[in-house]
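Scroll down for the structure; my scribbles are underneath it.
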């Protein structure tokens, strides 16, 4: 197969994959991260967001630099819309103005169950610091406090595991109710399709140029568009 034919085939396969990803994207669920410190945790949460089709991540960075570990994200962050805030209030006010229900993770006995969170309106899930969880300042501005039900002696998860559990439940609850999780308007899908395809092409061209024998038909998709491992 000629290099030209190979590249044409890769473009076609990549276009199909981009389309599959875009139609599953949603802004009805957003993620808020408050002062995460560990680069591995940050990266793992971003990767889970991308894997479950969550498009928006809002990071409050009062004390720590938001620096995800690239070896963990595997490029997942470039497919997300990531917003950084120096103050919690500006982040939370913006989301409320956009109609989001703010739901914060909280281990107190009065917190509702993850399984009781509504999915009939935009929902922003707030995760707190590794050591103390969501701060009192942020909790007081949220609409709902919830926790993941536990059946064993352990009463909490690592932040990255908790995020994956929450997003998995909410996304598949939407799938069960609506038959799909993605819900972007067609105009936004078109713009996102163009953006993702451009990113995918740049990545593949770079990889193909560096090692054309390695990135042939059997490896037609860029790593970040595959299901994260």
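The values are calculated or read from the model by the stated rules, or taken from the named source; none is laboratory data. Given the structure is predicted, the values throughout are model-derived calculations rather than measurements. Virtual Cβ from ideal backbone geometry, glycine too; neighbours counted across all protein chains shown.
So which residues in the stretch 97-109 are in contact (Cβ under 8 Å) with a residue 40 or more places away in the chain and either surrounded by fewer than 13 Cβ atoms within 10 Å (Cβ to Cβ) or closer than 21 Å to residue 49 by Cβ (or both)?
Those that are in contact (Cβ under 8 Å) with a residue 40 or more places away in the chain and either surrounded by fewer than 13 Cβ atoms within 10 Å (Cβ to Cβ) or closer than 21 Å to residue 49 by Cβ (or both): 100, 101, 102, 103, 104, 105, 106.
Restricting to the stretch 110-131, and then to whatever is touching a strand residue (DSSP E or B) at 6+ places or on another chain (Cβ under 9 Å) and in a loop (DSSP other than H, G, I, E, B), can you tell me which residue is surrounded by the fewest Cβ atoms within 10 Å (Cβ to Cβ)?
110
Quick check on the stretch 147-162. Is at least one of its residues surrounded by 14 or more Cβ atoms within 10 Å (Cβ to Cβ), in a loop (DSSP other than H, G, I, E, B) and at pLDDT 95 or above?
yes
Which one of the conditions (1) over 26 Å from residue 192 (Cα atoms); (2) surrounded by fewer than 21 Cβ atoms within 10 Å (Cβ to Cβ); (3) at pLDDT 95 or above does residue 134 fail to meet, given that it meets all the rest?
(2)
Hey, among 138, 171, 161, 126, which residue is over 19 Å from the mean Cα position of the chain (by Cα), at negative phi and assigned by TED's automatic domain parsing to the domain that holds residue 73? Please lay out each step first, then the result.
Values: 171 fails: over 19 Å from the mean Cα position of the chain (by Cα); 161 fails: over 19 Å from the mean Cα position of the chain (by Cα); 126 fails: over 19 Å from the mean Cα position of the chain (by Cα).
Just one listed residue meets the conditions, 138.
What tally of residues in the stretch 132-146 results from selecting those that are touching a helix residue (DSSP H, G or I) at 6+ places or on another chain (Cβ under 7 Å) and in a helix (DSSP H, G or I)?
From the stretch 132-146, those touching a helix residue (DSSP H, G or I) at 6+ places or on another chain (Cβ under 7 Å) are 137-138, 141, 145-146; that's our starting set.
Okay, now just the ones that are also in a helix (DSSP H, G or I), so 137-138.
Selection size over the stretch 132-146: 2.
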